[in-house]
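All remarks here apply to the structure that follows.
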Amino acid sequence: MRQSQRVVILLIAFGIVLLGAFAQAVSGFGYALVTVPLLAAAVDPRAAVVVSALTGVGLTVTAAIRERAHARWRVAAALTATALLGLPAGLLVLALAPERLLSALIAVVVLGCAALVWSRAPIRTGRIGLGAIGVLVGVLTAATGTNGPPLVAAFQSLGYDPRTFRATLAATFSGTSLMGLTGFLLAGQIHGDVVRISLVALPAVPLGWWLGNRLFHRIDPVVFRRIVLVGLLGSAGAALASMAG
């Protein structure tokens, strides 16, 4: 690859991470849903998953600390614990699945969640239901990095207001992100190329969060739900475009 091409990819990655951090601040969950499909179009799905995880972990941990008073920590802890059960399967998918299959999986998961958000269809949120969601979150954390959709559907069914919604997502993401990075390291998925891209794109994270957070405090709950839906549809479209390419 030429030096000019590398520079272009790094600049594109910076812009994608900026947009992802902005989406995360506004909706509480948009970081991986934006960054993974778009990065997959610029590099490849496996690198996209790892770069998203490396650049996003600080964002989710910081958000969880800042919003800790509004988070439902018991729910977040239960989801994180059960996610550990699904992590090995996700790592296996990431290592062995063809790139097109990974892109297709991202699109299917996001579109499914978009349908749930649009229809307001209730899902089981008792112990068994949350346990199953947690396992799925673990699989998606490692396989595609897009572990937000099942959490979005679950927290919508629980009727969380926007502040609680965002805080509990951040608390859950902080645990699953650290867990996922450990898995990527042990599986040998963290290498020079993804580290280089991550280091260049990392400064975009606080900038994007600052911009999005200014907007979040002015959002009406009805508008908030529409943003959630549009974000899901947009990221699903990006995943499909990546697969087609």
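The values are calculated or read from the model by the stated rules, or taken from the named source; none is laboratory data. The model shown is predicted, which means the values in this text are computed figures rather than measured ones. Glycine gets a Cβ as well: all are built from the backbone with ideal geometry, and neighbour counts include every protein chain shown. These area figures cover heavy atoms from the full protein model, side chains too; ligands, DNA and RNA do not enter into them. Shrake-Rupley method; radii C 1.70, N 1.55, O 1.52, S 1.80 Å.
With respect to the conditions (1) open to solvent by less than 10 Å² (accessible area, probe 1.4 Å); (2) touching a Leu at 6+ places or on another chain (Cβ under 6 Å); (3) over 20 Å from L105 (Cβ atoms); (4) not acidic (D, E), A48 falls short on a single one, namely (3). Quick check on the stretch 5-13. Is at least one of its residues among the charged types (D, E, K, R) and surrounded by fewer than 17 Cβ atoms within 10 Å (Cβ to Cβ)? Yes, that holds for at least one residue. Checking each residue in the stretch 190-206 for being assigned to a helix (DSSP H, G or I), in contact with a helix residue (DSSP H, G or I) (Cβ under 6 Å, 6 or more places away or on another chain) and of a type outside the set (S, T, N, Q) picks out V194, I197, V200, A201, A204, V205. In the stretch 80-94, the residues that are in contact (Cβ under 8 Å) with a residue 24 or more places away in the chain and surrounded by 17 or more Cβ atoms within 10 Å (Cβ to Cβ) reach residues that are part of a helix (DSSP H, G or I) and of a type in the set (S, T, Y) with C-beta atoms within less than 8 angstrom, at least six apart or across chains, in these pairs: T80/T172; T80/T176; A83/T141; A83/T176; G86/T141; L87/T141; G90/T141. Among the residues of the stretch 34-60, those that are in a helix (DSSP H, G or I), aliphatic (A, V, I, L, M) and at pLDDT below 90 comprise V34, V36, L38, L39, A40, A41, A42, L59.
Residue selection: R163 fails the criterion of being without any contact (Cβ under 8 Å) to a residue 12 or more places away in the chain and open to solvent by 10 Å² or more (accessible area, probe 1.4 Å).
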